[in-house]
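The values are calculated or read from the model by the stated rules, or taken from the named source; none is laboratory data. As the structure is a computational prediction, the values presented were derived from the model and not from experiment. Virtual Cβ from ideal backbone geometry, glycine too; neighbours counted across all protein chains shown. Surface accessibility is based on the protein's heavy atoms, side chains included, excluding ligands, DNA and RNA. Shrake-Rupley method; radii C 1.70, N 1.55, O 1.52, S 1.80 Å.
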Amino acid sequence: MRTLILVCLGGLAAQLVDGGLGMGFGVTSTTILIALAGIGPAQASAVVHTAELGTTLASGVAHWRFGNVDWRVVGLLAVPGAVGAFAGATVLSGVSTEAARPVTAAILLLVGVNLLWRFSRGRVRRARGEGAHHPGFLAGLGLFGGFIDASGGGGWGPVTTSTLLGLGRTEPRRVVGTVNTAEFLVTLAAVAGFVLGLWEDLVANAVLVLALLAGGVIAAPIAAWMVSRLNPAALGVVVGTLLVLLNAPTVLAVVGIGGAAVLGVQALVLLGGAALALRGWRRAARERGPAARVVAEQEPVRAEGVPQPAR
């Protein structure tokens, strides 16, 4: 029961971050399941993606209600993403648990390092004006992101959201909402692949699916509402720190490092993550300051009782 409660709380926290950042649910939940529930990487990825059928649907509806979705980009990302996800799930289902564990841990650790590097710089919102992405680019991005997502237990958001935010052609809240909405079809295809290869494991871990789903569905509308109200730089660093912290022991064990040395590495990661979160929060706050002032200066002064000219 204690494990189920922790998994439910983990799903809630992961969805809050995912809905606010456009990334984090899959990689965070997979790490939590491997660490707390003791299941293998393929089984963890299958459980997470099955739970995401509900969380991505709830998140997509919530983002649509708040006007955060670009449906053209959803279509161009989701269909190739579904193809990549089905292929990734099929590949992962055929790999032995012992062989997949260090590979999955390495992928998740690298994703965590990427999040630490990106968000500690405070560069989450780099708007350079609206502009359409080439359909071929979006299709390739979706295909790659879907494959990494299913084969690594998560990664759709880190691949697609980070790329689209970095290009700076779309308003950040619409990037997050669009990626979250497209993820439903990607998740559906991944689950289809896992059902073919891991049906018995899914049935055996159905209670974990329900625990993750409960926490994620509760958090989805809250995350969609707060996407433009919280500092995502600090949250991104927290996700990256968690991924590195929990996956470092498995990766270090491959090269023969264990015991006190692992605890020392984890302590350094924890301290470094706290420092980077503070740094990212401060840098993001500084970058928002001048932009906010420019917007304020462009707004017309509306004195009370003074009629405004018609537009």
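Over all pairs of different C-alpha atoms, the stretch 1-288 has a mean inverse distance whose reciprocal, the Kirkwood radius, equals 18.4 Å. Each label was represented as a point 7 Å from its Cα along the Cα-to-Cβ direction; for residue 139 and residue 4 these points are 4.6 nm apart.
With a cut-off of 15 Å between beta carbons, the residues surrounding residue 58 carry a summed charge of -2, where Lys and Arg count +1 and Asp and Glu -1. The coefficient of translational diffusion for the stretch 1-109, derived via Stokes-Einstein from the alpha carbon Kirkwood radius under 25 °C and 0.890 mPa s, stands at 163 µm²/s.
Annotation: per residue accessible area for the stretch 140-207 equals 33 Å², rounded to a whole number [probe 1.4 Å, protein chains only].
The accessible surface of the stretch 1-288, taken with every protein chain in place and a 1.4 Å probe, is 71 percent carbon and sulfur. Each peptide in 5-15, 191-201 was scored by the mean count of other Cβ atoms within 10 Å over its residues; highest first, the order is 5-15, 191-201. With R₀ set to 35 Å, the beta-carbon distance separating residue 199 from residue 286 gives a calculated FRET efficiency near 0.10.
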